[in-house]
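S.K.: Supplied in structure tokens, the structure appears directly below.
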Amino acid sequence: MKRVVITGGTGLIGSHLSELLAGEGFEVVHLTRAVRPGGKYKSYRWDPQNGYCDSEAIMEGDALIHLAGANIGEKRWNNDRKSKIISSRTVTADLLYHVSAGRGIMPSVFITASGVNIYGSQITQKIYSESDPPADDFLGETCRLWEAAAEPFAEAGIRVVKIRTAVVLASRASALSKMTFPAAAGLIVRFGPGSQYLPWIHIDDLCRIYLRAVTDSVMAGPYNAAAPDHITHDMLMREVARQKRLPVFLPHVPAGLLKAILGEMSVVLTGGSRISSGRLVNSGFGFKFADIASALRDCLQ
């Protein structure tokens, strides 16, 4: 039975992925700051801030999946918060390297999360692919450094896969939950300008991409984890309204107001371009939820 060691295993992606991997017969192990005896998955303690990781956590041939990282949308960005967002992704990857390949323990693969934000938050008509360079804004630089932290594994001869993830849609605890929360009161709230593209992916498809990255020895380098259905924010909210049988009558929340409230972080809501999933599809991956209507039917039921 192959072992898969996951950081961030209790988060939205990690919890769904752990269940999928366990169901496929893998031994799932979590790295966590607080080990809880009797948990569903075996766990080992690590403390990236202080450079500590249990020496028994990683064994020869394990697959390492690095999902840990501070939530970019949790708090308003200031210099300290930006530093934490970056370090929570890079310092953790450095620690994983030093306790594995740095000690001669060679994982079979190192899979790191990343984001489609690497291409920037501007609204353009361009469709971005993996060959496009990182943007020079904060999120672009964050993703660039995030992926660069995986390079020592590649230099050591370990297969490295970088999953550039779009907005994840799930029935609970996802960005969709926040965007559709006002619908519980019969309101459809749209964020200006509305024409911003919203790259997205269903949680089940995202976890299947990670599963494939573990099992397919040909997969290497960056992959855009975004559904092939290109939609704008307005298109998403119209489909939410249709499925919930609610009217769309409220004006957009102005982008300027969102910036006044959220600061620079508002670009997460008001910016976005189209992202190509061509490399993933050409590798043989098939989306279970390829269109927004089917994805929302599953998430909103």
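Only the coordinates and a few stated rules stand behind these numbers; no lab work does. No experiment lies behind these values; they were computed from the predicted model shown. Note: ideal-geometry Cβ built from the backbone for every residue, glycine included; neighbour counts use all protein chains shown.
S.K.: If neighbour count is taken as other Cβ atoms inside 10 Å, put 264, 239 in order from fewest to most.
M.R.: 264, 239
S.K.: I need the phi-derived Karplus couplings for the range 115-126: 6.51 cos²θ - 1.76 cosθ + 1.60, θ = phi - 60°, integer Hz, Gly and Pro marked x.
M.R.: x, 5, 5, 4, 8, x, 10, 6, 9, 9, 8, 6
S.K.: Further question: In whole Å, how far is the Cα centre of the range 94-126 from that of the range 1-53?
M.R.: So the two Cα centres are separated by 17 Å.
S.K.: Report the full-extension gain for the segment residue 132 to residue 185: residue separation times 0.36 nm, less the Cα-Cα distance, to one decimal in nm.
M.R.: Values: separation 53, 0.36 × 53 = 19.08 nm, distance 4.15 nm.
Taking 0.36 nm per residue and subtracting the Cα distance, the gain is 14.9 nm.
S.K.: Here are some pairs, 75/178; 42/84; 178/259; 2/178; which of them have Cα atoms lying more than 25 Å apart in this structure?
M.R.: Distance filter (> 25 Å) returns 42/84; 2/178.
S.K.: Here is a follow-up. If r is the Cβ-Cβ distance from residue 84 to residue 55 and R0 is 30 Å, what FRET efficiency results, to the nearest 0.05?
M.R.: Computed FRET efficiency for residue 84 and residue 55: 0.70.
S.K.: Further, regarding this structure: To test your reading of the geometry: what angle, between 0 and 90 degrees and rounded to tens, separates the Cα axis of helix 233-244 from the longest principal axis of the chain?
M.R.: 80 degrees
S.K.: Once fully extended, how much extra length lies between residue 171 and residue 217, figured as 0.36 nm per residue of separation less the alpha-carbon to alpha-carbon distance?
M.R.: Numbers: separation 46, 0.36 × 46 = 16.56 nm, distance 3.15 nm.
Fully extending the segment from residue 171 to residue 217 adds 13.4 nm.
S.K.: Here's something else I'd like to know. How large is the charge dipole for the chain, taken about the Cα centre, if only the Cβ atoms of Lys, Arg (+1) and Asp, Glu (-1) carry charge, to the nearest 20 debye?
M.R.: I would put it at about 860 debye.
S.K.: OK, next. Would you mind checking the tilt of helix 203-215 against the longest principal axis of the Cα atoms of the chain, expressed as 0 to 90 degrees and rounded to 10?
M.R.: Approximately 30 degrees, to the nearest 10.
S.K.: Taking other Cβ within 10 Å of each residue's Cβ, how do 66, 252 sort, fewest first?
M.R.: With the fewest neighbours first, 66, 252 line up as 252, 66.
S.K.: Enter the Cα centre distance for the pair the range 139-211 and the range 275-298, rounded to the nearest angstrom.
M.R.: 14 Å
S.K.: Moving to a separate point now. Once Rh is set to the Kirkwood radius over Cα pairs, what Stokes-Einstein translational diffusion coefficient, in µm²/s, holds for the range 3-300 at a temperature of 25 °C and a viscosity of 0.890 mPa s?
M.R.: For the chosen part, D equals 124 µm²/s.
S.K.: If you don't mind, another one. Rounded to the nearest 5, what % of DSSP beta bridges with both residues in the chain are antiparallel? Could the numbers behind the result be given before it?
M.R.: On the way: 3 of 38 bridges.
Among the beta bridges of the chain, antiparallel pairing accounts for roughly 10 percent.
S.K.: Specify which residue in the list 41, 68, 25 is farthest towards the positive end of the charge dipole of the range 1-96, using unit charges on the beta carbon of Lys, Arg (+1) and Asp, Glu (-1), about the Cα centre.
M.R.: Ranked along the dipole, the leading option is 68.
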